[in-house]
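Novice: Please find one structure pasted underneath; my questions will follow.
The values are calculated or read from the model by the stated rules, or taken from the named source; none is laboratory data. What you see is a predicted model; the values in this text were computed from it and never measured. Every residue, glycine among them, receives a Cβ derived from its backbone with ideal geometry; neighbour counts consider all protein chains shown.
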Amino acid sequence: MKLWFIVLLFSLLAPNVTAQSQPREVAFINVSVVPVTSERILTGHTVLVRGDRIVSIGPSAKVKVPDAALRIDGTGKYLMPGLAEMHGHIPPPQSPWEYIESVLCLYVANGITTVRGMQGAPGQLDLRDKANRGELMSPTLYLAGPPFSGSSINSPEQAVERVREQSRAGWDLLKILPGLTRNEYDAMARAAREAGIRFAGHVPAEVGLLHVLEMKQNTIDHVDGYIEYLNADNGPIDETKLADIVRRTREAGTWMVPTMAVWETLIGVASLEKLLSYPELRYMPPQQVEGWEKAHRDRLGAPQYDRKKAEMVAANRKRTLKALHDGRVRMLLGSDAPQQYSVPGFSIHREMSLMRESGMTPFEIIRSGTKNVGDYFKDKDQFGTVEIGKRADLILIEGDPLKDISNVARRAGVMVRGRWLPEVEIQKRLESIADSYRKAPSK
């Protein structure tokens, strides 16, 4: 194994021993709690965690803290639920183990305590189970199986068998990619309902948005299919047609995972200069960043590239998102990472900024990444709010997130499944990742 890989592996694993040996009980004392059960703040409270559960919440004078508990001073700070990445990716098992661990670490370091992985690979369920047992420093993982696409499915019968195989294997949901025929999609959807497994992701072109909604696809990611349905890549949105598709989406019970930030990159709105200035790029393999740079240069240099059209599509995506939200379509926070200039964990904060630009309030954005996710996965566990009995996934931050969504990034520490990581430890882990890539031999 190369020396720089050994350095990274040691630096990521060694701190786990300290984290795992912390006292079983942890108390956040005199903190302002953002429970996300409603838009309010509970000042001067103490939150007691035992194991991986919140066991007591109340005014600090009334909560008894065990003598052996780890006490964290919350004076002047805010405690909110950990965030979710609802369109994330976990590197496949054949990736270098050090890279897999670094991606998991990047999520946690940014307060991402739950990830819905949207591109499963054979062998990945073992990683999920280890992560969810607390054997790795990782968010809780819920994983889609290997995708259903035009290249992986060749008949309705094959779609049905793949659904049954993935359900038996224990995958948490099915991932839909472009290329399915309508017959294949319908066979998949019917088999999924029979098996009791969710299906989510893209809107295949032959299937179309209306039929996907008729079949009650669980989530539509990337606002996929809406711009095409509204003809919003060629001009202004027809507001009547927009209102109708919003109503249909709400009535179908389909959730929306917008991934606004990465799409501004993929359609060519973001300048290369801006993208290359992202400080978080130092936490990704240099050759991967070089690939992203080449892809974006090619995109902007393509003969068909039209910046004004790209800006129009971006504006229409924001208008569509606002209409869907205002129309009470349920939102889930997701950014599609790792992806071009979408660095795990960091990309969620860029996503929240664009959701704010689209007209959502800080509370609504936070709810999309916390309480809504707990509601979505209520059959798996209880989490997503600061309440007794909920999984102890928490972020301690330095400013009021309901006043300014950017305060969510001002961390004092992260708790994942009851394990406390102070910001000083998070920064050490991040620096170890960056340092390993600085020392990596060039190719």
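Novice: I'd like to verify a number: residues in the stretch 199-223 that are free of Cβ contacts under 8 Å to residues at least 60 places away in the same chain, outside any helix (DSSP H, G or I), under 26 Å from the mean Cα position of the chain (by Cα) and surrounded by fewer than 22 Cβ atoms within 10 Å (Cβ to Cβ), how many?
Specialist: Qualifying residue count, the stretch 199-223: 5.
Novice: Can I ask one more? Filter the stretch 36-62 down to residues that are outside any strand (DSSP E or B) and in contact with a Lys or Arg (Cβ under 9 Å, 6 or more places away or on another chain) and give me whichever is surrounded by the most Cβ atoms within 10 Å (Cβ to Cβ). Don't jump to the end; show me each part of the working.
Specialist: Initially, the stretch 36-62 is screened for residues outside any strand (DSSP E or B), giving 36-41, 51-52, 60-62.
Applying the additional criterion that residues be in contact with a Lys or Arg (Cβ under 9 Å, 6 or more places away or on another chain) yields 36-37, 39, 51-52.
Details: V36: 23, T37: 13, E39: 14, G51: 12, D52: 18.
Among residues in the stretch 36-62 that are outside any strand (DSSP E or B) and in contact with a Lys or Arg (Cβ under 9 Å, 6 or more places away or on another chain), the one surrounded by the most Cβ atoms within 10 Å (Cβ to Cβ) is V36.
Novice: With the checklist (1) surrounded by fewer than 22 Cβ atoms within 10 Å (Cβ to Cβ); (2) in a loop (DSSP other than H, G, I, E, B); (3) touching a residue at least 60 places away in the same chain (Cβ under 8 Å); (4) not hydrophobic (A, V, I, L, M, F, W, C) in hand, flag the one item D435 doesn't pass.
Specialist: (2)
Novice: What residue, among those in the stretch 336-368 that are in contact with a strand residue (DSSP E or B) (Cβ under 6 Å, 6 or more places away or on another chain) and of a type in the set (S, T, N, Q), is nearest to M86 (Cα to Cα)?
Specialist: Per the stated criteria, the residue is S368.
Novice: Turning to a different aspect of this structure: Name the single residue that is nearest to T320 (Cα to Cα) among those in the stretch 359-385 being touching a Pro at 6+ places or on another chain (Cβ under 8 Å) and part of a loop (DSSP other than H, G, I, E, B).
Specialist: Looking at residues that are touching a Pro at 6+ places or on another chain (Cβ under 8 Å) and part of a loop (DSSP other than H, G, I, E, B), I get T370.
Yes or no, residue by residue, for (1) within 26 Å of D400 (Cβ to Cβ); (2) of a type outside the set (V, I, T); (3) touching a Leu at 6+ places or on another chain (Cβ under 9 Å):
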site: M312; (1), (2), (3): no, yes, no
site: K322; (1), (2), (3): yes, yes, no
site: H325; (1), (2), (3): yes, yes, no
site: V329; (1), (2), (3): no, no, no
site: G345; (1), (2), (3): yes, yes, yes
site: S353; (1), (2), (3): yes, yes, no
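Novice: So which residues in the stretch 148-176 are outside any strand (DSSP E or B) and under 18 Å from the mean Cα position of the chain (by Cα), if there are any at all?
Specialist: If the condition is that a residue be outside any strand (DSSP E or B) and under 18 Å from the mean Cα position of the chain (by Cα), then W171, D172 are the ones that fit.
Novice: Considering the stretch 277-303 alone, what residues qualify as being over 21 Å from R350 (Cα atoms) and either assigned by TED's automatic domain parsing to the domain that holds I426 or outside any helix (DSSP H, G or I) (or both)?
Specialist: A302, P303
Novice: Now, a different point. Hey, any hits in the stretch 317-337 for a residue that's surrounded by fewer than 20 Cβ atoms within 10 Å (Cβ to Cβ), more than 20 Å from the chain's Cα centre (by Cα), assigned to a helix (DSSP H, G or I) and not acidic (D, E)? Working first, answer last.
Specialist: Taking the stretch 317-337 as the starting set, the residues that turn out to be surrounded by fewer than 20 Cβ atoms within 10 Å (Cβ to Cβ) are 318-319, 322, 326-328, 330.
With the extra rule that they be more than 20 Å from the chain's Cα centre (by Cα), the set shrinks to 319, 326-328.
Keeping just the survivors that are assigned to a helix (DSSP H, G or I) gives 319, 326.
From what is left, the residues that are not acidic (D, E) are 319.
Yes, that holds for at least one residue.
Novice: Something else now. Please state which one of D393, D400, D404 is at pLDDT 95 or above, out of contact with any helix residue (DSSP H, G or I) (no Cβ under 8 Å at 6 or more places or on another chain) and closer than 15 Å to V34 by Cα.
Specialist: Details: D400 fails: out of contact with any helix residue (DSSP H, G or I) (no Cβ under 8 Å at 6 or more places or on another chain); D404 fails: out of contact with any helix residue (DSSP H, G or I) (no Cβ under 8 Å at 6 or more places or on another chain).
D393 is the lone residue from the list that is at pLDDT 95 or above, out of contact with any helix residue (DSSP H, G or I) (no Cβ under 8 Å at 6 or more places or on another chain) and closer than 15 Å to V34 by Cα.
Novice: Looking at (1) touching a residue at least 40 places away in the same chain (Cβ under 8 Å); (2) under 16 Å from A200 (Cα atoms); (3) in contact with a helix residue (DSSP H, G or I) (Cβ under 8 Å, 6 or more places away or on another chain), which is the one condition that is false for P147?
Specialist: (3) is the only condition that P147 fails.
Novice: While we're here: So V65 ticks every box in (1) more than 14 Å from the chain's Cα centre (by Cα); (2) touching a residue at least 24 places away in the same chain (Cβ under 8 Å); (3) assigned to a strand (DSSP E or B) but one. Which box is left unticked?
Specialist: Among (1) more than 14 Å from the chain's Cα centre (by Cα); (2) touching a residue at least 24 places away in the same chain (Cβ under 8 Å); (3) assigned to a strand (DSSP E or B), V65 violates only (3).
Novice: So, one more: Scan the stretch 80-102 for residues that are surrounded by 24 or more Cβ atoms within 10 Å (Cβ to Cβ) and aliphatic (A, V, I, L, M) and jot them down.
Specialist: If the condition is that a residue be surrounded by 24 or more Cβ atoms within 10 Å (Cβ to Cβ) and aliphatic (A, V, I, L, M), then M80, L83, A84, M86, I90 are the ones that fit.
Novice: Okay, moving on. Would you say E364 is more than 28 Å from R297 (Cα to Cα), modelled with pLDDT of 95 or more and out of contact with any Leu (no Cβ under 9 Å at 6 or more places or on another chain)?
Specialist: yes
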